[in-house]
Amino acid sequence: MNLAQRLLKAGVLTSEALAPALYRQKKYRGYLAKHLLDLELVEPEVLADFVHEYPPLPQTFEDLGLPKSLLTQLVLKHTLFLDSVSPQEMSQSLKISRPLVEEIFEHLKIQGYVRVKARDSLSPKNQMSLDLRYALTDAGKLHAEQCLESNRYVGPAPVPLEDYWDWVEAQSINQVKVEKGHLKEVFADYVVPDHFIAKLGPAINSGRSIFLFGPSGNGKTVIATAIGQAYRDAVYIPYALFVYGQVIRLYDEVNHQPVPLTPDMPHHDKRWVLCRRPIVIAGGEMTEDALELRFNPHLKFYEAPHQLRANNGVFIIDDFGRQKITPRQLLNRWIYPLESRQDFCCLHTGQQFGVPFDQLIIFSTNLNPYSLADEAFLRRIRHKIFMGYVSPEQYLEIFRRVCAEFRIDFAPEVIRDMMARYYVISSRPFCACHPRDLVENLVDRARFLEQTPQLTSQELDYVCQTYFVKPMGLTDYDAIGDEAKAIV
């Protein structure tokens with residue numbers, strides 16, 4: 001149960017007394033506990049008994065907030081793929097307590113859907129212990145297959161949408177402060193000037209949105225990813241959500257990185273996974289459908305959209321403007337969520353419901369911002385930060401670090417000579433990605449020639465000629481042969 005339900009059940013507040021806080025939360029967002037304290041509806045010491053640092057273990061079916069029929073179907077579907085299963089094994093699969101699983105098995109046994117197969121198990125202390133094992137009867141197999149026809153989700157028990165709202169608000173990313181010293185540590189591996197960190201700090205702590213723009217190849221994606229790694233705390237993320245009788249799978253191993261549990265950690269509701277704040281990156285492959293619930297007609301359950309998976313974390317729109325969805329479609333889709341921090345999803349049945357929109361969104365682009373969005377949308381993106389080309393000093397330092405990474409002796413005089421010939425004379429800007437690209441090409445050449453990579457003028461000149469593209473002049477064109485002219 002969420003905080004509001006717990007307070008009502010305990011009789012601390014009536015529905016009428018709770019209404020002002022719920023209205024205030026709907027209008028301004030944020031954790032309900034804060035609104036209750038601001039309105040002085042509950043004393044802090046009373047509220048402390050109902051506010052948890054982790055999702056509490058559900059002791060009853062009412063605590064789970066799920067219909068018993070859903071749990072019964074999950075047990076049947078899990079058991080269908082097994083020869084037999086014990087209550088302990090089913091408890092681990094569904095992530096709910098063993099007593100609740102035993103109650104479900106007892107109900108299924110009365111219905112004639114399962115039978116006791118054996119009593120065979122060993123306790124952790126190597127002592128014989130009795131543990132019932134259940135197998136499906138013929139009627140149970142038939143009923144389980146019917147359950148699969150309506151919904152093929154076979155996984156941990158989901159959590160109700162109301163509980164999810166409660167925890168997203170409690171773990172909101174805009175409540176986290178990233179200290180300046182820690183931010184410097186995060187960017188210690190990159191050549192980032194102090195004045196740039198001074199711009200990033202307030203933007204990160206806002207927990208709202210950042211627009212990184214500037215020429216290509218100067219580290220916008222790297223910086224955006226590093227911002228996500230600046231958060232040191234962990235958040236609870238559910239395996240799946242239960243909304244209007246439908247299951248939405250939320251947790252995925254690509255975007256969610258579990259935190260190892262230690263013995264001193266309290267036992268929490270196992271339907272939630274303790275993870276680092278997620279970092280979700282969507283590039284040019286992102287479509288309009290990726291922002292909506294995706295219903296699988298064969299599996300008959302939903303996959304959460306990108307922004308739902310990114311809640312309580314960072315959502316990076318990389319190469320903004322180059323997605324399969326047009327900038328205007330994306331901006332129109334998000335103009336309300338960016339303002340209200342609430343999004344809306346729609347089921348294939350037509351039912352619509354609100355979900356939290358709580359993430360630090362980073363738009364990264366090398367295109368002109370005004371060619372992508374109008375003033376109304378840019379106003380909703382609170383922080384716009386330009387990332388230009390690096391200075392000669394920064395370029396030299398990046399080159400030194402890349403050489404150290406590849407264990408190549410750094411020769412500053414060779415680099416300065418190359419900078420003069422390929423940048424200064426050619427009026428080529430210093431790009432932050434060039435040092436790594438050039439060194440990698442140098443290593444590739446040495447590997448082919450079966451040599452040790454060395455930073456010499458001759459080798460560097462070769463890789464520069466094969467890396468940079470310059471306009472071909474008339475003299476250059478006349479110098480090449482007829483066969484080459486035809487190819488050009």
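What residue, among those in segment 286-325 that are touching a Leu at 6+ places or on another chain (Cβ under 6 Å) and over 23 Å from residue 212 (Cβ atoms), is surrounded by the fewest Cβ atoms within 10 Å (Cβ to Cβ)? Walk me through it before giving the result.
Going through segment 286-325, the residues touching a Leu at 6+ places or on another chain (Cβ under 6 Å) turn out to be 302, 304-305, 314, 321.
If we keep only those that are over 23 Å from residue 212 (Cβ atoms) as well, we get 302, 304.
On the way: 302: 24, 304: 21.
Among residues in segment 286-325 that are touching a Leu at 6+ places or on another chain (Cβ under 6 Å) and over 23 Å from residue 212 (Cβ atoms), the one surrounded by the fewest Cβ atoms within 10 Å (Cβ to Cβ) is 304.
Kindly indicate whether residue 231 is loosely packed, with under 14 Cβ neighbours inside 10 Å, more than 30 Å from residue 392 (Cβ to Cβ) and either out of contact with any Leu (no Cβ under 8 Å at 6 or more places or on another chain) or not assigned by TED's automatic domain parsing to the domain that holds residue 92 (or both). First the steps, then the outcome.
Working: loosely packed, with under 14 Cβ neighbours inside 10 Å: no; more than 30 Å from residue 392 (Cβ to Cβ): yes; either out of contact with any Leu (no Cβ under 8 Å at 6 or more places or on another chain) or not assigned by TED's automatic domain parsing to the domain that holds residue 92 (or both): yes.
The answer is no for residue 231.
As an exercise: evaluate residue 84 against (1) in contact (Cβ under 8 Å) with a residue 12 or more places away in the chain; (2) under 27 Å from residue 267 (Cβ atoms); (3) polar (S, T, N, Q) and give the number of the one condition it does not meet.
(2)
Among the residues of segment 354-397, what is the count of those that are within 30 Å of residue 246 (Cβ to Cβ) and either surrounded by 15 or more Cβ atoms within 10 Å (Cβ to Cβ) or outside the structural domain of residue 237 (by TED's automatic domain parsing) (or both)?
From segment 354-397, those within 30 Å of residue 246 (Cβ to Cβ) are 354-361; that's our starting set.
Now narrow it down to the ones that are either surrounded by 15 or more Cβ atoms within 10 Å (Cβ to Cβ) or outside the structural domain of residue 237 (by TED's automatic domain parsing) (or both): 355-361.
Residues meeting the conditions: 7.
Residue 363 - would you say it is within 19 Å of residue 235 (Cβ to Cβ), out of contact with any Gly (no Cβ under 6 Å at 6 or more places or on another chain) and assigned to a strand (DSSP E or B)? Explain how you work it out, then say what you get.
On the way: within 19 Å of residue 235 (Cβ to Cβ): no; out of contact with any Gly (no Cβ under 6 Å at 6 or more places or on another chain): yes; assigned to a strand (DSSP E or B): yes.
Criteria not met by residue 363.
Based on what the data block shows, is residue 389 in a helix (DSSP H, G or I) and either among the small types (Gly, Ala, Ser) or under 26 Å from residue 198 (Cα atoms) (or both)? Let's see the steps before the verdict.
Working: in a helix (DSSP H, G or I): no; either among the small types (Gly, Ala, Ser) or under 26 Å from residue 198 (Cα atoms) (or both): yes.
Criteria not met by residue 389.
Considering segment 63-81 alone, what residues qualify as being touching a strand residue (DSSP E or B) at 6+ places or on another chain (Cβ under 8 Å), farther than 15 Å from residue 239 by Cβ and surrounded by fewer than 21 Cβ atoms within 10 Å (Cβ to Cβ)?
Selection gives 80 alone.
Please specify each residue of segment 424-439 satisfying the condition of being touching a residue at least 24 places away in the same chain (Cβ under 8 Å) and out of contact with any helix residue (DSSP H, G or I) (no Cβ under 7 Å at 6 or more places or on another chain).
Across segment 424-439, the qualifying residues are 426, 429, 431, 433, 434.
The values are calculated or read from the model by the stated rules, or taken from the named source; none is laboratory data. These numbers were taken from a predicted model, which means no experiment stands behind them. When we count neighbours, we look across all protein chains shown, and the Cβ atoms used for this are built from the backbone with ideal geometry, even at glycine.
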